[in-house]
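To keep things clear, I will list the structure first and then write my remarks on it.
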Amino acid sequence: MKLVTAAEMRQLEAAAVAAGSSETQLMEEAGLAVAQESWMLLGTLEGRRILVLAGPGNNGGDGLVAARHLYDWGAEVAVYLPAGHRDEARLDELRARDVPLLMAGDDPDGSQLRARLEAADLVIDALLGIGQRLPLDPAGPIGRALAALAAVRAASYQPPKVVAVDLPTGLDGDSGAVDPLLVVPDMTVTFGLPKVGMYQAPGSDAVGRVQVIDIGIPKEAADAVPLELITSRWVRQALPRRPADANKGTFGRVLVVGGSRPYRGAPALAARGAYRAGAGLVTIATVEELVSSLAAAIPEATWLPLPAGPEGTLAAQAAVALRSHWSAARAAILGPGLALTDDTRALTWAALPDTADCPGGVVIDADALNALAAMDDAPARLHPRAILTPHPGEMARLLRTTIPDVQRDRLAAARNAAERFRCTVVLKGAHSVVASPGGRAALSPFANPLLATAGSGDVLAGIIAGYLAQGAEPFTAACLGVYLHAAVAEAAQPDYGRAGLLAGDIADRLPRVVRDLTQS
């Protein structure tokens, strides 16, 4: 499913007008849809009292159209106008029906608004749409209207339901930023395509149930949008096929390079993720002294013991020993558990060009990313099929910025990194972002605190590499890994709640989640 920014949505609306629709027709279709969804939410309109909060722009116009339909269908409707409205024709349609129009200027103390809110069964938030800018002014008429709505909902035993038109007022449709005045609706009726901010934290918790309404956007224009939400349907279609006559070689070998005395379990977790994703063989290249202690944890793996440096990490000269092994694997992971030392920096710098011998691609994770961030020639040393998997702190180092800057616009950060390093990038976190050079990107639909556990990222790196080994393209492998890694946490939530899932559990539960997904 495609997602759009505010600017892209305006372009799509312009394309619809160019294809023969009119702005009036688009507004009529949007308002009709809001009215229909409101009816379904209430179940019946007879005797139901509905208050429409209508802002001064097109969003408010949608609300006025909804108010007209709901009145005609039998509801008791009133409209509150915090700042008037420029569409006198639609206001006249409501006046002709004797629909009460309450102007903010005629209600200076807000008592009439509060009385309407307290009596309402449903409030339609049509104050501001995709053009809104945060922060909202708490002293302005829109801010006061939202504060009144919030107060009534908090104080009522049976608070009114809320339907937001296109976006809840107080939500940045691009970044997902949320204003303190936002009132979380029961449902958001959004038009054309869902907006990016609905699927980025904290906005994803501020939209209620999302209903997407077709308002006549041309299909070819919508198909050209470069951002999509990863869905279960897409995953079912993208999963590698598993022929009955396959052998372990069919599904590829993954080479995992990592581990150190402080972080000895990380490469084993990555290997476990790769195996559970379906890789046929996994070889772990790690510090020689760790092999005996790790072998029992993952007996299915084969081992490439390598020399250690003085700090217990892989020695820089291990890059030479690895040189002949990259081509023996179809996919690789560089980084889990390496620990950031001078040896790690030298090993990463030397090994990166050699990863080009690995035909499927290489996942760069953990301290290999931190070593990469310090290299002035990093883009030139990367395999074009590389996948970088930073968390926000690692992304900040890669882009030489701050974590708040990364988190302020995660989509832009991921796209910037993909362009800079000329490869696929996964920005981990709530609603992980996958981006590739050229602007293509995808968002995970999930934000789940169960994934915030040590080793979770190592398992994700392994899952992605497992799909690379089975022949998936880097962007596809990254999207599969991101979606399924989080889908495990979603499936585990009834058993675990919001804490306690271990990284190894994520790997071990993956096959059941894939089975259930493909059989649904």
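The values are calculated or read from the model by the stated rules, or taken from the named source; none is laboratory data. Source: prediction; values computed, not measured. Glycine gets a Cβ as well: all are built from the backbone with ideal geometry, and neighbour counts include every protein chain shown. Surface accessibility is based on the protein's heavy atoms, side chains included, excluding ligands, DNA and RNA. Shrake-Rupley method; radii C 1.70, N 1.55, O 1.52, S 1.80 Å.
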query: So is residue 390 closer than 18 Å to residue 432 by Cα, outside any helix (DSSP H, G or I) and in contact with a Lys or Arg (Cβ under 8 Å, 6 or more places away or on another chain) or not?
result: yes
Kindly indicate whether residue 443 is open to solvent by less than 10 Å² (accessible area, probe 1.4 Å), more than 20 Å from residue 383 (Cβ to Cβ) and not hydroxyl-bearing (Ser, Thr, Tyr).
yes
When every residue in region 18-31 that is open to solvent by less than 60 Å² (accessible area, probe 1.4 Å) and assigned to a helix (DSSP H, G or I) is compared, the one farthest from residue 68 (Cα to Cα) is 26
**Item:** Condition met for residue 434 (over 23 Å from residue 344 (Cβ atoms) and touching a helix residue (DSSP H, G or I) at 6+ places or on another chain (Cβ under 7 Å))
**Value:** yes
### Message
Based on this model, can you work out whether residue 520 counts as more than 25 Å from residue 255 (Cα to Cα), among the polar types (S, T, N, Q) and in contact with a Ser or Thr (Cβ under 6 Å, 6 or more places away or on another chain)?
### Response
no
Residue 246: passes all of (1) in contact with an Asp or Glu (Cβ under 8 Å, 6 or more places away or on another chain); (2) open to solvent by 20 Å² or more (accessible area, probe 1.4 Å); (3) aliphatic (A, V, I, L, M) but (1)
Practice item. Inspect all residues belonging to region 307-314 and state whether any of them is in contact with a helix residue (DSSP H, G or I) (Cβ under 8 Å, 6 or more places away or on another chain), in contact (Cβ under 8 Å) with a residue 12 or more places away in the chain and polar (S, T, N, Q). Key: yes
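Every residue, every condition in (1) within 19 Å of the chain's Cα centre (by Cα); (2) aliphatic (A, V, I, L, M), yes or no:
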residue	(1), (2)
415	yes, no
426	yes, yes
446	yes, no
454	no, yes
464	yes, yes
473	no, no
479	yes, no
The one condition residue 429 fails out of (1) at negative phi; (2) open to solvent by 30 Å² or more (accessible area, probe 1.4 Å); (3) not basic (Lys, Arg) is (1)
Restricted to region 186-202 and to residues being within 20 Å of residue 152 (Cβ to Cβ) and not hydrophobic (A, V, I, L, M, F, W, C), the residue surrounded by the fewest Cβ atoms within 10 Å (Cβ to Cβ) is 186
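Residue 45: more than 35 Å from the chain's Cα centre (by Cα) and not small (Gly, Ala, Ser), yes or no? Break it down into steps so the answer makes sense when it comes.
Working: more than 35 Å from the chain's Cα centre (by Cα): yes; not small (Gly, Ala, Ser): yes.
In short, yes.
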Reported set for region 237-257 where residues are in contact with a helix residue (DSSP H, G or I) (Cβ under 6 Å, 6 or more places away or on another chain), on the phi < 0 side of the Ramachandran plot and outside any strand (DSSP E or B) is 238
Here the qualifying pairs (Cβ atoms under 6 Å; residues six or more apart or on different chains; first in region 469-482 and under 8 Å from residue 442 (Cβ atoms); second modelled with pLDDT under 95 and of a type in the set (Phe, Trp, Tyr)) come out as none
Within region 130-171, restricting to residues that are modelled with pLDDT under 95 and crowded, with 21+ Cβ neighbours inside 10 Å, the one that is farthest from residue 105 (Cα to Cα) is 130
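In contact with a strand residue (DSSP E or B) (Cβ under 9 Å, 6 or more places away or on another chain), closer than 25 Å to residue 248 by Cα, among the aliphatic types (A, V, I, L, M) and touching a residue at least 40 places away in the same chain (Cβ under 8 Å): is that true of residue 329 in this structure? Don't jump to the end; show me each part of the working.
Details: in contact with a strand residue (DSSP E or B) (Cβ under 9 Å, 6 or more places away or on another chain): yes; closer than 25 Å to residue 248 by Cα: yes; among the aliphatic types (A, V, I, L, M): yes; touching a residue at least 40 places away in the same chain (Cβ under 8 Å): yes.
Criteria met by residue 329.
Kindly evaluate residue 225 against the criterion of being among the aliphatic types (A, V, I, L, M) and not in a helix (DSSP H, G or I). Please lay out each step first, then the result.
Working: among the aliphatic types (A, V, I, L, M): yes; not in a helix (DSSP H, G or I): yes.
Yes: the conditions hold for residue 225.
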_Looking at the structure I just gave you, is residue 188 of a type outside the set (D, E, K, R), assigned to a loop (DSSP other than H, G, I, E, B) and touching a strand residue (DSSP E or B) at 6+ places or on another chain (Cβ under 6 Å)?_
no
Over region 391-415, the set of residues among the β-branched types (Val, Ile, Thr) and either touching a Leu at 6+ places or on another chain (Cβ under 7 Å) or open to solvent by less than 10 Å² (accessible area, probe 1.4 Å) (or both) is 406
Within region 67-94, the residues that are of a type in the set (Ser, Thr, Tyr) and open to solvent by 70 Å² or more (accessible area, probe 1.4 Å) are 71
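Considering region 379-423 alone, what residues qualify as being touching a residue at least 60 places away in the same chain (Cβ under 8 Å) and of a type in the set (Val, Ile, Thr)?
Keep residues of region 379-423 that are touching a residue at least 60 places away in the same chain (Cβ under 8 Å), which gives 385-387, 389, 391, 408-411.
387, 389, listed by residue number.
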The residue from 72, 62 that alone is within 18 Å of residue 34 (Cβ to Cβ) and within 31 Å of the chain's Cα centre (by Cα) is 62
- prompt: Has region 172-185 got at least one residue that is open to solvent by 40 Å² or more (accessible area, probe 1.4 Å), touching a residue at least 40 places away in the same chain (Cβ under 8 Å) and closer than 23 Å to residue 215 by Cβ?
  reply: yes
(Q) When you check residue 461 against the structure, is it hydrophobic (A, V, I, L, M, F, W, C) and open to solvent by 10 Å² or more (accessible area, probe 1.4 Å), yes or no? (A) no
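Could you list all residues from region 203-221 that are part of a loop (DSSP other than H, G, I, E, B), at pLDDT 95 or above and either of a type outside the set (Val, Ile, Thr) or surrounded by fewer than 16 Cβ atoms within 10 Å (Cβ to Cβ) (or both)?
Pass one, region 203-221, residues part of a loop (DSSP other than H, G, I, E, B): 206-208, 214-218.
Now narrow it down to the ones that are at pLDDT 95 or above: 206-208.
Answer for region 203-221, where residues must be part of a loop (DSSP other than H, G, I, E, B), at pLDDT 95 or above and either of a type outside the set (Val, Ile, Thr) or surrounded by fewer than 16 Cβ atoms within 10 Å (Cβ to Cβ) (or both): 206, 208.
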Flagged pairs (Cβ under 6 angstrom, 6 or more apart or on separate chains; first in region 84-99, over 18 Å from residue 57 (Cβ atoms); second open to solvent by 70 Å² or more (accessible area, probe 1.4 Å) and at pLDDT 90 or above) are 97/71; 99/71
